[in-house]
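J.: To start, I am sharing the structure in question, which I have written as structure tokens.
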Amino acid sequence: MKPLRLKNMIAGCLLAAGALPVWGQSGAPTLVIRIDDLGALHSVNEACIQTYRSGIARSVEVMPVAAWYPEAIKMLKENESACTSSSPASGRT
């Protein structure tokens, strides 16, 4: 490949890469915090529910094979108004 053609290709790539932000996100980036390992320990359950109820976290993932799973389910049921499903099948978001 000729050096001039290579320079033109590199310049074209840099120009295209510089224009990408124009078609990117329109607003500020959003941070979504997800709670993980609900059901692992009693203290984890309490912290997860408190974090979710305070609005810090947006989603919760439960560990069904963990020792404190029954307590996690009980806590989720007690806070059902705060904990809604975002799956398409539920119809709620």
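The values are calculated or read from the model by the stated rules, or taken from the named source; none is laboratory data. Just so we're clear, the structure is a prediction, and the values are computed from it rather than from any experiment. Using ideal geometry, Cβ is built from the backbone for each residue, glycine included, and neighbour counts are taken over all protein chains shown.
J.: Tell me yes or no: at least one residue of the stretch 82-93 is at negative phi, loosely packed, with under 10 Cβ neighbours inside 10 Å and at pLDDT 70 or above.
T.: No: zero hits.
J.: So for the stretch 33-53 (the condition being in a loop (DSSP other than H, G, I, E, B), loosely packed, with under 10 Cβ neighbours inside 10 Å and at pLDDT 80 or above), does at least one residue qualify?
T.: No; the residues of the stretch 33-53 include none that is in a loop (DSSP other than H, G, I, E, B), loosely packed, with under 10 Cβ neighbours inside 10 Å and at pLDDT 80 or above.
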